[in-house]
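Heads up: the structure comes next, in structure tokens.
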Amino acid sequence: MSLNLDDKKAVVAEVSAQVANAQTIVVAEYRGIEVGHLTVLRAKAREQGVYLRVLKNTLARRAVADTAFAGLADQLTGPLIYSISADAVAPARVLNDFAKTNDKLVLRAGSYGGKVLDKAGVQALASVPSREVLLAQLLGVMQAPISGFARVIAAVAEKKGEVAAA
């Protein structure tokens, strides 16, 4: 189904709005994936707050022109699915996790922080823990000295109690 000029402008405007708020864009080739599998992928993306869409590459190039993602334009060839999010890791994680279970989805490239990432870079980005996990790890590191100090004081108090009882 071809789009008329107004439809194309609407698609570019919608994608440009997503790109304006995005930290990361990841693209993957989806050739040969069944519709049911794509539906599952879309549901997982929605759960993670990721905008996932199949686009004409020319429209995607227009949407990323004059943005930090403009360097990605050279990678936009073939049948691609676009994963865009304000979360830096979510787009890479959604597509990477799906690609592990479906060999027909092939990670192609991504862009994060104004830098174009190859497949290995996208996979490395996908392996970064989520924000919540990183905050929990930071909190654990910050609490470790305090809890260790509390255990030492409790042990000293226990020893004094044993000495006084004896």
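Could you compute the FRET efficiency for residue 47 and residue 74, with r as their C-beta to C-beta distance and R0 at 30 Å, rounded to 0.05?
0.45
For residue 119, the lysines whose Cα comes closer than 28 Å to its Cα, not counting residues fewer than 8 places off in the same chain, are 44, 56, 100, 104. The per residue volume of the convex hull around the alpha-carbon atoms of the chain is 155 Å³. Calculated FRET efficiency, residue 35 to residue 118, Cβ-Cβ distance, R0 = 35 Å: about 0.75 to the nearest 0.05. In the chain, helical runs assigned H by DSSP with n ≥ 4 each contribute -39500 (n - 2.57); averaged across all residues and rounded to the nearest 500, the mean residue ellipticity at 222 nm is -18000 deg cm²/dmol.
We did not get these values from a lab; they are worked out from the coordinates using the rules stated. All figures in this text were calculated on a predicted structure; none of them were measured in a lab. Cβ atoms come from the backbone with ideal geometry, glycine included; neighbour counts cover every protein chain shown.
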